[in-house]
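Enquirer: Right, I'll just put the structure down here and ask away after.
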Amino acid sequence: MPVSTASSYSSASGHVATSVAANITNETEGLHDINEYNTSSPNSTISIDTHTYYNSTFYTDPKDAMKFWVDLSQHSKTITNEMLSNSHRRAVTVHLNFTFPFYGHSLTNVTIATGGFCFVGETVHSSLAATQYIAPLMANFDTSMNKSSVIQYMDNGTALVVQWNNVMLQNDTKHRFSFQATMFNTGDIVFVYKDIPIQISEIPDTQHPVKVGISDAYVIESSLLSKQLNDVNEIITLYLLFLEFIRRKTIYEYHRIDFKKFKISNRTAIYFTPLQTPNEHQKSEQHTSQQLHYKTDLNTEKKSSGDKAGLISVLVVVALALGVSMWVYYAYKNPQSSSGQFLIKYRPSQWRWGGSEARYTAASIHM
């Protein structure tokens, strides 16, 4: 399997970070921070309905929980990733042999990180741990501290099992964690915890975020001028300015389920089930198709007026673009003017982006 190097990324502890490559904006519309539940019996099952995208079930009965544990040593397709098993803050992207539905998106790639989580976004950006993750236990794990620490995965064509086995927190050689995350082609997700030596609340998050749960976001692309105006006397032409653009992706997190406050311990499990089944999805598509068919005649009648509105919109956009271009041209030619001083003050070279503490190096694996 050839490995190709991809972009590096970083994450901020407990916060959403920003970078030039990808701006992560924390505008979570549906945050479900699951509070700690007390049960009358130590061996019980708790079901949580999020009422939005997923239903969640927390298994505290060891017999029930360990039914979801997959013994990877018994499967010939199990792969031990040598790089992930001997590194710190590294990640690889694995191509799936099936389609994995996640928040309604059909995924064919999953990025496995040493930090106890899988990134499921299409763009490997500089704030990997911020959002778009499946995290059985995201923390500052360092597999280079011990040879027994390994990260394995197995894809049988219908499910992907990822296991962090005997992993240790950096600067902590006393405690070892073993847990799994399984993603099914049905969209179901299960976290199984075999060895959790300390409470989740005791894991430090000063150098790396600590999270348990799932998150998704959507991406908006825009352009930023990359020309740096170090000296207005060195400005060549306005044409060169508009030629130098960089693409910027702004990532908005819209939903997150957080189980960090739960009493996760040895031999427990969390099961996520998508609210919409494939049959319901098909019915929804049929219903939408009928609605579109019903509205066809009405849309045809409005087509003429819609074309006129579209033409007016295009003319307005062109006029605005022309106005901005003329203003920029004037500001460049007259740096002593208020417009020129404004452009110099807020030139792209003066823009700053949020920093971060945890940096990863990502690689892509093509199977």
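Enquirer: Sticking with the crude label model, points 7 Å out along Cα→Cβ, report the distance from T99 to N156 in nm, one decimal please.
Expert: The two pseudo-label positions are separated by 2.2 nm.
Enquirer: Given points 7 Å out from each Cα along the Cα-Cβ axis, report the Y252 to N166 separation in nanometres with one decimal.
Expert: The two pseudo-label positions are separated by 4.7 nm.
Enquirer: Please say if region 54-147 is rounded, prolate or oblate, where rounded means a/c under 1.5 for a ≥ b ≥ c the square roots of the C-alpha gyration tensor eigenvalues, and otherwise the choice is prolate for a/b larger than b/c and oblate otherwise?
Expert: In terms of gyration-tensor shape, rounded.
Enquirer: Then there is this: Students often check this: by mean Cβ neighbours within 10 Å, which of 136-145, 77-86 ranks highest, and how do the rest follow? Don't jump to the answer; show the numbers that get you there.
Expert: Numbers: 136-145: 22.8, 77-86: 16.9.
Result, highest mean first: 136-145, 77-86.
Enquirer: Okay, next question. Any idea what the relative contact order of region 92-140 is, in percent, if you count C-alpha pairs under 8 Å spaced at least 6 apart? Could the numbers behind the result be given before it?
Expert: Values: 67 pairs, mean separation 14.1, N = 49.
After rounding, I find 29 percent.
Enquirer: Can you tell me the length gained on complete extension of the stretch L275 to E221, counting 0.36 nm per residue apart and subtracting the Cα distance? Before the final figure, lay out each step's value.
Expert: Values: separation 54, 0.36 × 54 = 19.44 nm, distance 2.94 nm.
Length difference between fully extended and current span is 16.5 nm.
Enquirer: In addition: Can you tell me which of 323-330, 146-153, 197-204 comes out highest on packing, and rank the rest after it, using the mean Cβ neighbours within 10 Å? Can you show the working numbers first?
Expert: Working: 323-330: 12.4, 146-153: 18.2, 197-204: 14.1.
Descending packing order for the listed peptides: 146-153, 197-204, 323-330.
Read the figures in this text as sums done on the coordinates, not as results from a lab. Computed from a predicted structure; not experimentally measured. Cβ atoms come from the backbone with ideal geometry, glycine included; neighbour counts cover every protein chain shown.
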